[in-house]
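The values are calculated or read from the model by the stated rules, or taken from the named source; none is laboratory data. All values derive from a computational prediction rather than experimental measurement. When we count neighbours, we look across all protein chains shown, and the Cβ atoms used for this are built from the backbone with ideal geometry, even at glycine. Side chains included, ligands, DNA and RNA excluded: accessible areas come from the protein's heavy atoms. Shrake-Rupley method; radii C 1.70, N 1.55, O 1.52, S 1.80 Å.
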Amino acid sequence: MRTFRAPGRVNLIGEHTDYNDGFVMPAALDFSTWVKISPLEQRRLIILSENFAEEIEVDLDDQNLAARGHWSDYPVGVAVVLERTGHRLRGARLQIRGEVPIGSGLSSSAAIEVATACALVANSGLQIDPRELALLCQRAENEFVGARVGIMDQFVSLFGHAQKALLLDCRSLEFHLLPLPDNVRLIICNTMVKHALASSAYNERRAQCEAGVEYMAKFLPNVTALRDVTIEQLEEHASGLDDVVYRRCRHVITENARVLSAGDALERGDLERFGELMGESHRSLRDDYEVSSDELDLMVEIAQKIEGVYGARMTGGGFGGCTVNLVADTNVEEFKKRVSLEYERATSLRPEIYVCTAANGAEEVV
Ligand code: GLA
């Protein structure tokens, strides 16, 4: 039996930019999903989820496997996509255990996809370049599960690095690792609220970005994604754009610029500047992209008033889920106390607070 681990992620800045060929800056978390795998004679997968205390079985030669709104869609989707792209899999028994909080925007789905992919590839004696593997996992989520996610989550789950943030160019898939100073902590606050419409609203945002690209490309033929549009160009053509589409585009274009500035700030060790950019990112997601929620806004407002907080913003797709906070390590206890108290007082919800460190990407555990 072999064991593979893949982490969830938190995104420090660069939200809703990945599917616009833009820039993101996530870090892998010290929350992972583990997959234990052993080979089977027949071409079948027997998959046990410890979290759901449930076992399913599929035939790898079954051409009609389809998603059914079940936890197993993620590992089965990965197997199906590997097979469809010509990677012949050996049968296996998989045992999955996840500790990434589910549905809170910390990419439990990428963690299970990547851990399963690594396990299936190794069990079948295959060799797949990790960039390719990230793309295959994304494809499983796009084509099999049916969520049109970008590449950020799967990529950082494979390429994340301890104590580092990963600045990724989602067009070229080139990346830089940036040092996270050891006198600050990444603190994640879970609002404990998730909104049911999140996935349809996500797809709607993508369509609005595509509408923006289509319009801008009429004037600027080299534009294939919002990545290619400058803020000046957007302003120049604003009058012809629907107001909602204009604001969606403005978010993406300014967010890309913020990620690059945040990268420079981190390189200089300028945490004040980094924190300001996090605040600007949150406001842009709230007002222009409209993917925040009352609970996320409140969580950010509470955090920004606490001493030792460099920056706070919502993280991930939005519509509930978590905020990410950059906090001086001397103020962690005070931060946890104040956020819990004030958030619970205002909402009657008890938030979960995770003090995290950036961790390594997927690996075999020996
Ligand atoms: C989700 C998706 C990512 C990304 C973020 C928003 O986490 O899985 O690809 O688009 O939302 O930044």
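Listed values, structure above:
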| read-out | value |
| --- | --- |
| Filter pass, residue 78 being in contact (Cβ under 8 Å) with a residue 60 or more places away in the chain and among the aliphatic types (A, V, I, L, M) | yes |
| Extreme residue, nearest to residue 206 (Cα to Cα), among residues of the range 166-184 that are open to solvent by less than 30 Å² (accessible area, probe 1.4 Å) and within 16 Å of the ligand (Cβ to nearest atom) | 170 |
| Hey, residue 232 at pLDDT 95 or above and either within 18 Å of the chain's Cα centre (by Cα) or closer than 28 Å to residue 303 by Cβ (or both) or not | no |
| Any hit, the range 113-123, residues being in a loop (DSSP other than H, G, I, E, B), β-branched (Val, Ile, Thr) and over 13 Å from the mean Cα position of the chain (by Cα) | no |
| Selection within the range 316-366 - polar (S, T, N, Q), buried (at least 16 other Cβ atoms within 10 Å of the Cβ) and closer than 28 Å to residue 34 by Cα | 323, 325, 360 |
| Cross-chain or 6+ apart pairs with Cβ under 6 Å, the range 246-266 first and in contact (Cβ under 8 Å) with a residue 24 or more places away in the chain and farther than 12 Å from residue 230 by Cα, then among the polar types (S, T, N, Q) and part of a helix (DSSP H, G or I) | 248/208; 258/281 |
| Single condition residue 127 does not satisfy, out of (1) more than 21 Å from residue 194 (Cα to Cα); (2) of a type in the set (S, T, N, Q); (3) assigned to a loop (DSSP other than H, G, I, E, B); (4) within 12 Å of the ligand (Cβ to nearest atom) | (4) |
| Selection from the range 287-315 of residues that are open to solvent by less than 30 Å² (accessible area, probe 1.4 Å), within 16 Å of the ligand (Cβ to nearest atom) and over 13 Å from residue 191 (Cα atoms) | 288, 289, 291 |
| Test result for residue 244, surrounded by fewer than 18 Cβ atoms within 10 Å (Cβ to Cβ), farther than 20 Å from residue 106 by Cβ and among the β-branched types (Val, Ile, Thr) | yes |
| Matching option when the condition is at pLDDT 95 or above, open to solvent by less than 40 Å² (accessible area, probe 1.4 Å) and of a type in the set (Lys, Arg), among 84, 9, 44 | 9 |
| Residue match in the range 266-281 (condition: more than 21 Å from residue 191 (Cβ to Cβ), assigned to a loop (DSSP other than H, G, I, E, B), in contact with a strand residue (DSSP E or B) (Cβ under 6 Å, 6 or more places away or on another chain) and more than 16 Å from the ligand (Cβ to nearest atom)) | no |
| Output for the range 227-241, where each listed residue is outside any helix (DSSP H, G or I) and either among the hydroxyl-bearing types (Ser, Thr, Tyr) or open to solvent by 70 Å² or more (accessible area, probe 1.4 Å) (or both) | 230 |
| Of residues in the range 12-38 being more than 19 Å from residue 362 (Cα to Cα) and surrounded by fewer than 24 Cβ atoms within 10 Å (Cβ to Cβ), the one farthest from the ligand (Cβ to nearest atom) | 21 |
| Boolean, residue 201 is modelled with pLDDT under 95, more than 14 Å from the chain's Cα centre (by Cα), within 16 Å of the ligand (Cβ to nearest atom) and open to solvent by 10 Å² or more (accessible area, probe 1.4 Å) | yes |
| Output for the range 134-165, where each listed residue is surrounded by fewer than 24 Cβ atoms within 10 Å (Cβ to Cβ), among the hydrophobic types (A, V, I, L, M, F, W, C) and either within 21 Å of residue 26 (Cα to Cα) or away from the ligand (no atom under 16 Å from the Cβ) (or both) | 135, 136, 147, 149, 151, 158, 159, 162 |
| Residue that is nearest to the chain's Cα centre (by Cα), among those in the range 90-111 that are of a type in the set (Val, Ile, Thr) and crowded, with 18+ Cβ neighbours inside 10 Å | 100 |
